[in-house]
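Here's the structure, in structure tokens; my notes come after.
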Amino acid sequence: MVLTSLLWMLVSYLSVFVLFLLAWGVWYNLRRTHIPQGVTIPRLLWLGNFISSSALMLALAFEKLGICHRYKVWRVLMAGIPPKKTSKLIIKDLFFDEIPVRVYWPKTPSAGNRRGMVYIHGGCGLFGSIRSHERVSRYIAREGDTVVVSVGFRLAPEHLFPAQILDCCTATIYFLKNATKYGVDPNRIVVCGDSSGATYAAAVSQQLAIKKDLPKLRAQVLLYPFLQVLDFNLPSYQQNHSVPPLFKKRAIRLGITYLTGENVDVDGFMRNAHVPPHEWVKYRKWINPDYIPEEFKAQGYVPMEPAPFSQDLYEQCKEAGNIMFSPLMAEDDMIRQLPETFLITCEHDILRDDGLLYKKRLEDNGVPVTWHHIKDGFHGFMFFIDYSILEPPVTRTSYKHLIHFLEGL
């Protein structure tokens, strides 16, 4: 009798908690989320953000209760539903110099060595995995007739910056040196990433561009990359600060956690109080809203001066100025050595202007750039390829642009 009562009490508490979680999710989405008119699937985006926001709160509750760290819950949720087995690819889990990778080979015959790609998944360096981006890797390998190597790099906060980039560099160098063993032409290897994975791809390209004892990367593919920490009030940050899934405040908080392992107050960072005056002078020649085309500043942008400099904030994140964390801050001598670039930016994305500024820097230094701007795109939309009804209409079209670029290499 007592046990039955305890069970009913537990069920009641859980029911109240779930109802509270749902109510909070609805309130948060209605109060804090902005779905732009230009998005073609507003209801799906709203629902997706409702689910993810509720999951974030559930993960935080698990952490407060001492069940597990919040990031472990996020990682499980982001892994998603595994795709069905495929008869069109050979898939193997391997190690490249102790870095776990998953390699995807097309089964169709090839006259010679194929093109290769190192794929680096997004997730702010805190979550995401080979498994979470399984559909992306399969699609590129299958439709692009490309041998894809998906890298299972270490994650923060267990392994802080720059462990992720070092792992990606190690795996890429191994692939470049041993490409023919995997049926790949070492002179036709591309490095590709989405979101923070695109940050790592840009950093890997920069690190390997100055190495003389390796085959050169054929191209870098950057899908809505994060590239700088100098200015969090560029037009795209102002216009899209409440557009899911990558809210401005959430993005800065996750980035600092990845960098330092600490969960800090980000209000000062949002107002650029972390940047010393001498760095504003040095980097304004590259990171400047004046270089953003006027068409992207038409709505919701107001020029803003940074808040008074805070030495404490600077000390908390001074490593963020490292070019492996902020590739847009690299010197011209390094930029001009980079390979041909494919770049996708999204209109409804706080990171849009990072991509636009990097495009200008590459072109100013003679690097060919193929750029596609997705006017109805939002951050992370390419993740949903082959996810049936969850796949935004623009996703497949964008992958066709990518596949067309790869076919020309």
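The values are calculated or read from the model by the stated rules, or taken from the named source; none is laboratory data. None of these values were measured; they are calculated from a predicted model. Using ideal geometry, Cβ is built from the backbone for each residue, glycine included, and neighbour counts are taken over all protein chains shown.
Could you pull out the residue among D376, D364, D386, D349 that is surrounded by 19 or more Cβ atoms within 10 Å (Cβ to Cβ) and either over 19 Å from the mean Cα position of the chain (by Cα) or among the charged types (D, E, K, R) (or both)? If you could, list the steps in order and put the result at the bottom.
Working: D376 fails: surrounded by 19 or more Cβ atoms within 10 Å (Cβ to Cβ); D364 fails: surrounded by 19 or more Cβ atoms within 10 Å (Cβ to Cβ); D386 fails: surrounded by 19 or more Cβ atoms within 10 Å (Cβ to Cβ).
Being surrounded by 19 or more Cβ atoms within 10 Å (Cβ to Cβ) and either over 19 Å from the mean Cα position of the chain (by Cα) or among the charged types (D, E, K, R) (or both) holds for just one of D376, D364, D386, D349, which is D349.
For the condition among the hydroxyl-bearing types (S, T, Y) and surrounded by fewer than 18 Cβ atoms within 10 Å (Cβ to Cβ), what is the one hit in S242, S205, S236, S196? First the steps, then the outcome.
Details: S205 fails: surrounded by fewer than 18 Cβ atoms within 10 Å (Cβ to Cβ); S236 fails: surrounded by fewer than 18 Cβ atoms within 10 Å (Cβ to Cβ); S196 fails: surrounded by fewer than 18 Cβ atoms within 10 Å (Cβ to Cβ).
Sole residue among the options that is among the hydroxyl-bearing types (S, T, Y) and surrounded by fewer than 18 Cβ atoms within 10 Å (Cβ to Cβ): S242.
Across region 152-174, which residue is surrounded by the most Cβ atoms within 10 Å (Cβ to Cβ) among those that are under 13 Å from T257 (Cβ atoms) and without any contact (Cβ under 8 Å) to a residue 24 or more places away in the chain?
In this case the residue turns out to be H159.
Among (1) outside any loop (DSSP other than H, G, I, E, B); (2) without any contact (Cβ under 8 Å) to a residue 12 or more places away in the chain, where does Y200 come up short?
(2)
Given the criteria closer than 15 Å to F325 by Cβ and more than 15 Å from the chain's Cα centre (by Cα), does C169 qualify? So that I can check it myself, show each step before the final result.
On the way: closer than 15 Å to F325 by Cβ: yes; more than 15 Å from the chain's Cα centre (by Cα): yes.
The answer is yes for C169.
Could you grab the pairs with beta carbons closer than 7 Å, sequence gap of 6+ or different chains, first residue in region 305-320 and at negative phi and surrounded by 10 or more Cβ atoms within 10 Å (Cβ to Cβ), second one assigned to a loop (DSSP other than H, G, I, E, B) and of a type in the set (S, T, Y)?
Close Cβ pairs satisfying both conditions: A320/S326.
Are any of the residues in region 356-363 more than 18 Å from L230 (Cα to Cα), without any contact (Cβ under 8 Å) to a residue 12 or more places away in the chain and in the same structural domain as S195 (by TED's automatic domain parsing)? Explain how you work it out, then say what you get.
Taking region 356-363 first, the residues more than 18 Å from L230 (Cα to Cα) are 362-363.
Among the residues that remain, those that are also without any contact (Cβ under 8 Å) to a residue 12 or more places away in the chain are: 363.
After this cut, where a residue has to be in the same structural domain as S195 (by TED's automatic domain parsing) as well, the list is 363.
Scanning region 356-363 turns up at least one residue that is more than 18 Å from L230 (Cα to Cα), without any contact (Cβ under 8 Å) to a residue 12 or more places away in the chain and in the same structural domain as S195 (by TED's automatic domain parsing).
Name the residues in region 89-118 that are in contact with a strand residue (DSSP E or B) (Cβ under 8 Å, 6 or more places away or on another chain), part of a loop (DSSP other than H, G, I, E, B) and surrounded by 13 or more Cβ atoms within 10 Å (Cβ to Cβ), would you? I'd like the intermediate steps shown before the answer.
Step one: of region 89-118, the residues in contact with a strand residue (DSSP E or B) (Cβ under 8 Å, 6 or more places away or on another chain) are 89-96, 99-107, 112-118.
Those left that are additionally part of a loop (DSSP other than H, G, I, E, B): 107, 112-113.
Answer for region 89-118, where residues must be in contact with a strand residue (DSSP E or B) (Cβ under 8 Å, 6 or more places away or on another chain), part of a loop (DSSP other than H, G, I, E, B) and surrounded by 13 or more Cβ atoms within 10 Å (Cβ to Cβ): just N113.
Need the failing condition index for S150 against (1) over 27 Å from P186 (Cα atoms); (2) in a strand (DSSP E or B); (3) among the small types (G, A, S), just the number.
(1)
Have a look at L222, L254 and point out the one that is at pLDDT 95 or above and on the phi < 0 side of the Ramachandran plot.
Numbers: L254 fails: at pLDDT 95 or above.
Result of the check over L222, L254: L222.
Which residues, taken from region 273-303, are buried (at least 16 other Cβ atoms within 10 Å of the Cβ) and either of a type in the set (K, R) or not assigned by TED's automatic domain parsing to the domain that holds L328 (or both)?
Of everything in region 273-303, just one residue is buried (at least 16 other Cβ atoms within 10 Å of the Cβ) and either of a type in the set (K, R) or not assigned by TED's automatic domain parsing to the domain that holds L328 (or both), namely K297.
For H121, work out the one condition from (1) surrounded by fewer than 19 Cβ atoms within 10 Å (Cβ to Cβ); (2) at pLDDT 90 or above it doesn't fulfil.
(1)
State yes or no: is N233 outside any helix (DSSP H, G or I), modelled with pLDDT under 95 and touching a Lys or Arg at 6+ places or on another chain (Cβ under 9 Å)? Reasoning before the result, please.
On the way: outside any helix (DSSP H, G or I): yes; modelled with pLDDT under 95: no; touching a Lys or Arg at 6+ places or on another chain (Cβ under 9 Å): yes.
No; evaluated as a whole, the condition is false for this residue.
With the condition kept exactly as written, say whether any residue in region 227-244 is closer than 30 Å to S110 by Cα and within 17 Å of the chain's Cα centre (by Cα). So that I can check it myself, show each step before the final result.
Going through region 227-244, the residues closer than 30 Å to S110 by Cα turn out to be none.
So far as region 227-244 goes, no, none of its residues is closer than 30 Å to S110 by Cα and within 17 Å of the chain's Cα centre (by Cα).
Which residues, taken from region 315-342, are more than 30 Å from M117 (Cβ to Cβ) and under 24 Å from the mean Cα position of the chain (by Cα)?
So the first thing to find is which residues in region 315-342 are more than 30 Å from M117 (Cβ to Cβ), and the list is 315-318.
The answer is Q316, C317, K318.
Identify all residues within region 336-346 that are in contact (Cβ under 8 Å) with a residue 40 or more places away in the chain and either of a type outside the set (S, T, N, Q) or crowded, with 20+ Cβ neighbours inside 10 Å (or both); write none if there are none. Reasoning before the result, please.
Of the residues in region 336-346, the ones in contact (Cβ under 8 Å) with a residue 40 or more places away in the chain are 337-346.
Passing the criteria: L338, P339, E340, T341, F342, L343, I344, T345, C346.
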